[in-house]
Amino acid sequence: MQNPYKAYPVRIDSIDVATEDKSLRTFKFVFLNPEDENKFAYESGQFAELSIPGKGEIPIGIASSPTEKGFVTFTVFRTGLVTNHLHNMKVGDIMGVRGPLGHPYPLKDLEGKNIVIIGAGFAFTTLRSTIVYMLNPENRKRFGKIDVIYGARNPGMILYKDELTAWEQRDDINMHITVDSTDDPSWKYHTGFVPTITEKVAPQADDNTYAIMCGPPMMLKFTKPVLDKLGYKHENIILSLENRMKCGIGICGRCNIGKELICKDGPVFTLAQLKYMPEEDT
Amino acid sequence: MMKIINIDKQKWAGGVESLSKSYRLFGPVKDVDCYNFKELKQGEQPDLSYGNTKLSPKSVVFPPSEAMFTYSLDESNPEHHLLKDVPKDYSPRAVLGMRPCDAKAVSLVRMNFDTPEYRDPYWMDAFEATTFVGLACDDPCATCFCTSTNCGPFNEEGLDVLLVDNGSAYIAKALTEKGEKLLAAGGFADAGDDSPVAAKKAAAEAKITAKIETDKLSEKVIMDLYDAPFWHDIAFSCINCCTCTYTCPTCWCFDIQDENKGCEGVRMRNWDSCMTPLFTMHGSGHNPRDKKHQRVRQRFMHKLKYFLDKYQKGIMCVGCGRCVQQCPVNLDIRTVSKTMNDYVAKS
Amino acid sequence: MDAYITKIKAISERLLKDGTVEAVIGFREGTLPTMSEPCFIKRSDDVKDLVWNANCRINLANYLTNRKEKIAIVAKGCDSRNIVNHIVENKIKRDQLFIIGVPCKGMNDKDTGALQDNCATCTHRNPVIYDELAGDLVEEQTNVDKYADVKKVEAMTPDERWAYFDNLYAACTRCYACRNACPLCYCPTCFVDESKPQWVGKGEDPIDVRTYHFLRAYHCAGRCTDCGSCESACPQNIKVRQLTKKLEKDCAELFGWEAGLTLDKRPPLDTFSIDDPNDFIK
């Protein structure tokens, strides 16, 4: 087996400032060795460790979809030692990507089902990967109705604006974009927190409807009761968790919640599974 | 049918010298007033009169600090920012005189580093290069409680050879092919007789009076134990130092860190501990275990419940007693286990 | 010392029953012959668990930092001086505390059973601050040379000193038990844990080990009461008090200062006076 701690060398191919306040940037990486791209075959929902020799590694959800070939993209929030350094790097710089890690969203189980995707803030990255995958002509007919509820603090913080606008024009996906608040008179979408908008627009659940949720703890906390009201079964609500990680391969022992290691047994869990996992903040 | 060899103690030192020609040797060495496992220098003998060492021999396969990769940050270097493998010495090595509790601990820890999906090359390569020669305990310490952790003073799990002290000689039982190879390399070839062992084993086991109570742990519900009210009381005295985790042979948590000197650097891994406040600190500043009782609960739940449920091979403790002996505030795992074992959730 | 425990229990029970305090910090019986365990008693029924013996060596002032309740604490001489320090440094308020003063003739080493090194040269056996005494005051030692060990090192040549300190810290694994047992070490993020920037490496480089010990000793200068908790906590039996004793001697000689004796003055490294020695300014 190859050394799981060794990253595939990559080159930064492009950097997009993703939000108005420059706190998020989308990085597109190209593998230095073309055969590494095949080794890095991934599915939506997985993450990778972005490895910067001299600084460290960070676990970031993969924003690109496996249907997008030749590169892999990540949207990274600037917050600490490694992310600050990454945000100051230039196109052409060399670093590493290690992965893919973790379990993906169980899209095979979702075939033929209606899916409601609920995301907030910069947790939307792996959801973008999922949406791009499902909308791909080869895959779209495998899934039922798709609704997307995505919220950010204000219009400047919305990620992937151009893509969201393009998806809005499509008739095989229902987009519900919202911001917490705005004083922009030209804002034509919803205004309100994600849980409130979810209550307004999410379809009533049946056995064939699943929800995939990804967002900050507050948003998850207040959206769960809304989904309960709408009748979503807990086995049908899929979440992606996060925790502080180092190795990303279930060996260093840092990221556990109860007996599950978030990097290896997760990060994807159903709400039903979460009931048997300790609430880490108590 | 595994070989039984008789090693006359007069011939032991010479045999160790022969072994040093084909193995790097590690053994217990006296360091001022306590014992620790060290690499034996040329001609140095392991001191087998010891009880047990301060730190466990896990450092032979899992050093406290280990380089994983090196890299150059100098952009004029064509391989800059690429992780380079570090040359390692995985030539055959042997640990002489390991206690059965520490050997069993190595087998338990292996389950973490060697999984169907991932194989940790540093730990596994060191492990596969090592022959473990154990020394049975005739005189367990007052704090040893291995007999209640599915282990014992004469336990064979994890060992390649087990030595039993029989007065003027050691009775050596080769338990694996690696063990046989080592005995041959040491020139230990006299046929032995292991009939005295059973009585010695029984005598040693009878001397162990300390025990840990775990019989009802597997039937408990994780959430009941997690939400139990006794954690605040248990955690009060803990000072969150890393003593228990560093001395424990079954603890394996580590940190990965890059450190640079000028334009060169090394990515290393160092022992880390769930008892430290920053262990679970997120980049955002959120820390799910920023309160002491949460960290203390994590340690004991991991050792006595999560590991038990996940692998179903017993608790993550071999009864070596080091944490009990060395905790500065006497937070005793046996007391905690009994509290957990006896706990009945109010329905 | 047996007489002390009767009084300690009586006082504690009274204080809990009449609501003067919400809890008592003391010791309860340990599971080993040379250990007692610090405990937090909230109910008067549990007062029977309190013990007082020669194993009550760890400094209980360590558990006072930033507490908000009204607490009674069992304090021997050195502990009481650390309580004074805590009050001066705003880690606890005087009116939160009911100090049960316990005159002390010395604690035993947990490995050898003999008198601890710091107790052999102690000149503050009686608590310097208390609300009620659990026993009669004892005679203070007068003919002790507190700095005999320090003078031995001061008499060495530079090469001998280098070898001495090299050897002293050779076995250190940086478990930080010394720091955590010390009541003075209450920084929310210790300098060894800082990452932006990182001051001290995390590996085994002897330079990092020494940096940690030297800087910690300096942070304790003028505040250390020689309670010996650091040495008793060290799992590798390292004589960590060697540096702090030297700095204690320097503070005594340069500033005429002994830590933890008065609530009215701040330690010398916290403040300055015109008369401070300045012969180092050339």
Total residues in region B:309-335, condition within 30 Å of A:PRO59 (Cα to Cα) and at the interface with another protein chain (Cβ under 9 Å from one of its Cβ atoms): 2
- line: Taking region A:80-125 and keeping only residues that are of a type in the set (D, E, K, R) and farther than 24 Å from A:LYS22 by Cβ, one is left with A:ARG98, A:LYS108, A:ASP109, A:GLU111, A:LYS113
message: If I filter region A:44-67 down to residues being part of a strand (DSSP E or B) and not hydrophobic (A, V, I, L, M, F, W, C), which single residue comes out as surrounded by the most Cβ atoms within 10 Å (Cβ to Cβ)?
response: A:SER51
task: Please verify whether region B:201-209 includes one or more residues that are free of Cβ contacts under 8 Å to residues at least 24 places away in the same chain and among the small types (Gly, Ala, Ser).
output: yes
- prompt: Taking region B:91-112 only, how many residues are in a helix (DSSP H, G or I) and surrounded by fewer than 19 Cβ atoms within 10 Å (Cβ to Cβ)?
  reply: 3
message: When you scan region B:168-179, do you find a residue that is touching a residue at least 40 places away in the same chain (Cβ under 8 Å), in a loop (DSSP other than H, G, I, E, B) and either in contact with a strand residue (DSSP E or B) (Cβ under 6 Å, 6 or more places away or on another chain) or outside the structural domain of B:LEU108 (by TED's automatic domain parsing) (or both), even just one?
response: no
- prompt: Which residues, taken from region C:179-201, are crowded, with 20+ Cβ neighbours inside 10 Å and facing chain B (nearest Cβ under 8 Å)?
  reply: C:ARG179, C:ASN180, C:ALA181, C:GLY201
- request: Go through B:LYS211, B:LYS181 for me and flag whichever is among the basic types (Lys, Arg) and under 29 Å from B:VAL336 (Cα atoms).
  value: B:LYS211
task: Evaluate the following for B:THR247: is it touching a helix residue (DSSP H, G or I) at 6+ places or on another chain (Cβ under 8 Å), at the interface with chain C (Cβ under 10 Å from one of its Cβ atoms), modelled with pLDDT under 95 and over 19 Å from A:ILE257 (Cβ atoms)?
output: yes
- request: Kindly indicate which of B:ASP227, B:ASP215 is within 12 Å of another protein chain (Cβ to nearest Cβ), more than 20 Å from the chain's Cα centre (by Cα) and either basic (Lys, Arg) or within 30 Å of A:GLY258 (Cβ to Cβ) (or both).
  value: B:ASP227
message: For region C:24-46, give me the residue count where each residue is out of contact with any Gly (no Cβ under 9 Å at 6 or more places or on another chain) and surrounded by fewer than 20 Cβ atoms within 10 Å (Cβ to Cβ).
response: 9
query: What residue, among those in region B:113-131 that are part of a strand (DSSP E or B) and surrounded by 17 or more Cβ atoms within 10 Å (Cβ to Cβ), is nearest to the other protein chains (Cβ to nearest Cβ)?
result: B:ARG119
field: Any pair with Cβ under 8 angstrom, 6 or more apart, that starts in region B:11-37 at a residue that is away from chain C (no Cβ under 14 Å) and farther than 18 Å from B:ASP165 by Cβ and ends at one that is of a type in the set (Asp, Glu) and part of a strand (DSSP E or B)
entry: B:ARG24/B:GLU39; B:LEU25/B:GLU39; B:PHE26/B:GLU39
- request: Taking only region B:155-214 into account, find how many residues are charged (D, E, K, R) and within 26 Å of B:ARG24 (Cα to Cα).
  value: 10
- request: Go over the candidates A:VAL97, A:VAL132, A:VAL116, A:VAL91 one by one and state the one that is crowded, with 23+ Cβ neighbours inside 10 Å, touching a residue at least 60 places away in the same chain (Cβ under 8 Å) and over 23 Å from A:GLY250 (Cα atoms).
  value: A:VAL116
- request: Tally the residues that are without any contact (Cβ under 8 Å) to a residue 40 or more places away in the chain and within 20 Å of A:GLU57 (Cα to Cα), restricting the search to region B:263-288.
  value: 13
task: Please tell me if A:TYR189 is of a type in the set (Ser, Thr, Tyr) and under 18 Å from A:LYS113 (Cβ atoms).
output: no
- prompt: Would you say B:LYS338 is without any contact (Cβ under 8 Å) to a residue 60 or more places away in the chain and among the charged types (D, E, K, R)?
  reply: no
- line: Selection from region C:251-282 of residues surrounded by 15 or more Cβ atoms within 10 Å (Cβ to Cβ), touching a helix residue (DSSP H, G or I) at 6+ places or on another chain (Cβ under 9 Å) and either under 14 Å from C:ASP226 (Cβ atoms) or of a type in the set (A, V, I, L, M, F, W, C) (or both) yields C:CYS251, C:PHE255, C:TRP257, C:GLU258, C:ALA259, C:GLY260, C:LEU261, C:LEU269
query: Filtering region C:39-60 down to residues that are part of a helix (DSSP H, G or I) and within 12 Å of another protein chain (Cβ to nearest Cβ), which residue is farthest from the chain's Cα centre (by Cα)?
result: C:ASP46
query: In region A:261-273, what count of residues is obtained for those that are touching a helix residue (DSSP H, G or I) at 6+ places or on another chain (Cβ under 8 Å) and within 17 Å of A:PRO217 (Cβ to Cβ)?
result: 1
- request: Report, by residue number, each residue of region A:230-282 that is among the polar types (S, T, N, Q), within 11 Å of chain B (Cβ to nearest Cβ) and crowded, with 22+ Cβ neighbours inside 10 Å.
  value: A:ASN256
task: Answer with yes or no whether B:PHE69 is buried (at least 21 other Cβ atoms within 10 Å of the Cβ), assigned to a strand (DSSP E or B) and within 14 Å of another protein chain (Cβ to nearest Cβ).
output: yes
message: Can you find, within region B:288-308, the residue that is surrounded by the most Cβ atoms within 10 Å (Cβ to Cβ) among those that are more than 9 Å from every other protein chain (Cβ to nearest Cβ) and not in a helix (DSSP H, G or I)?
response: B:LYS291
task: Return yes or no: is A:THR130 touching a helix residue (DSSP H, G or I) at 6+ places or on another chain (Cβ under 9 Å), closer than 20 Å to A:PHE74 by Cβ, assigned by TED's automatic domain parsing to the domain that holds A:LEU227 and polar (S, T, N, Q)?
output: yes
- request: Taking C:SER80 as meeting all but one of (1) surrounded by 23 or more Cβ atoms within 10 Å (Cβ to Cβ); (2) within 11 Å of another protein chain (Cβ to nearest Cβ); (3) assigned to a helix (DSSP H, G or I), write down the number of the exception.
  value: (2)
statement: Exception for C:ILE238 within (1) part of a loop (DSSP other than H, G, I, E, B); (2) within 22 Å of C:ILE83 (Cα to Cα); (3) of a type in the set (Val, Ile, Thr) falls at (2)
query: Within region A:4-17, can one find any residue that is among the acidic types (Asp, Glu), more than 12 Å from every other protein chain (Cβ to nearest Cβ) and free of Cβ contacts under 8 Å to residues at least 40 places away in the same chain?
result: yes
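The values are calculated or read from the model by the stated rules, or taken from the named source; none is laboratory data. Note that this is a predicted model, so its numbers are computed, not measured. Virtual Cβ from ideal backbone geometry, glycine too; neighbours counted across all protein chains shown.
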